[in-house]
1. Take the Cα gyration tensor of the chain, multiply each eigenvalue by 5, square-root it, and list the three semi-axes largest first, rounded to whole angstrom.
2. Where does each of 7-15, 40-48, 106-114 land if you order them by average Cβ count within 10 Å, highest first?
3. If the only charges are +1 at each Lys and Arg Cβ and -1 at each Asp and Glu Cβ, what is the size of the charge dipole of the range 11-175 around the Cα centre, to the nearest 20 debye?
4. Could you tell me how many degrees, from 0 to 90 and to the nearest 10, lie between the Cα long axis of helix 133-162 and the main elongation axis, the longest principal axis, of the Cα atoms of the chain?
5. Is there a pair in Lys43/Lys137; Lys68/Lys174; Lys3/Lys51; Lys14/Lys68; Lys39/Lys137; Lys51/Lys131 whose C-alpha atoms are over 20 Å apart, and which pairs would that be?
6. What residue among His163, Leu70, Phe33 has its Cα farthest toward the positive end of the dipole of the range 11-175, where the charges are +1 on Lys, Arg and -1 on Asp, Glu, each on the Cβ?
7. Show that you can apply the helix-only estimate: for the chain, add -39,500 (n - 2.57) for every DSSP H stretch of four or more residues, divide by all residues, and state [θ] at 222 nm to the nearest 500.
8. I want to verify a result. In a Gaussian network model of the chain, Cα cutoff 10 Å, which of these has the top mean-square fluctuation: Pro126, Pro74, Pro103?
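Only the coordinates and a few stated rules stand behind these numbers; no lab work does. Worth saying up front: this structure is predicted, and the values here are computed from it rather than measured. Note that we place each Cβ from the backbone using ideal geometry, even for glycine, and neighbour counts take in every protein chain shown.
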Amino acid sequence: MLKNTANTYGIVAKAFHWVLFLMLTFSIIAGNFLAAMPKGAEKLQAAGMHKSFGAVILMLIMLRFVWKLLNETPDLPAGTTAKETMLARGMHWFLYALMFAQPLSGIMMSQAAGIPVSFFGLFEFPVFLEKAPELAKFFRGVHGTVWILLVVSVVGHVGAALHHHFIRKDNVLKQMTTGA
Ligand code: HEM
Ligand code: HEM
């Protein structure tokens with residue numbers, strides 16, 4: 001089933017979820033290596049790859065978000081309280097906000113630093129921020145903070161998924177993996 005149903009996420013939502021999980025994990029690790037590199041030609045090259053890959057992630061997140069809005073959200077297990085439902089749904093919105101903020105802050109950091117972002121050297125993205133070193137510093141701070149919030153939130157998110165699967169023994173993890 002391509003689309004979500006009341007019982008399970010569809011193939012498209014599952015593909016977005018797991019592909020982006022892998023891409024985000026890889027980019028967080030690569031970004032940390034990048035930040036630790038000494039300035040020079042090699043760092044510039046690595047930064048170019050990191051930015052292009054980040055731009056692909058941003059496009060995938062935009063598509064995923066549109067797909068989410070076009071789909072129903074599968075029901076939570078019977079007996080879930082209103083408070084638990086709000087917490088689960090709120091956490092998912094928060095994860096989207098963080099997934100958007102990470103690449104966007106990267107693009108703003110680069111533009112404010114006066115370095116346009118190219119897509120694997122094929123073309124450059126339109127520049128919408130003027131060069132402003134203070135602003136570049138600010139967005140660098142945001143870019144260096146959001147991924148930590150993302151990691152912490154995902155640890156909670158995974159904890160909740162495992163709690164559902166092993167303690168409550170319900171279908172929540174199956175809805176995002178093998179089906180309901
Ligand atoms: C979702 C995609 C992305 C992830 C997960 C990610 C993650 C990271 C991480 C974890 C760091 C290390 C931060 C630090 O410790 O200070 C980093 C650094 C960096 N990121 Fe990203 N990033 C993404 C997208 C982008 C994009 C789209 C751009 C620019 C167009 C970008 C530009 C940079 C730059 C220039 C640095 C190096 C900053 C420095 O040298 O301190 N990133 N990234
Ligand atoms: C980068 C890491 C991750 C992010 C950003 C993330 C984000 C999300 C988001 C936004 C949703 C809501 C559904 C949607 O709109 O697609 C979701 C659902 C879900 N995720 Fe993740 N996720 C991550 C990693 C994981 C991992 C590693 C697991 C495995 C333990 C997991 C298990 C689940 C499950 C079981 C659901 C369905 C929850 C429900 O039906 O209420 N996620 N995830």
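1. 35, 17, 15
2. Going by the mean number of other Cβ atoms within 10 Å, highest first, we get 106-114, 7-15, 40-48.
3. Computed about the Cα centre, the dipole is about 220 debye.
4. 20 degrees
5. Beyond 20 Å between Cα atoms: Lys3/Lys51.
6. The residue sitting most towards the positive pole is His163.
7. The helix contribution divided over the chain gives -23500 deg cm²/dmol.
8. Pro126
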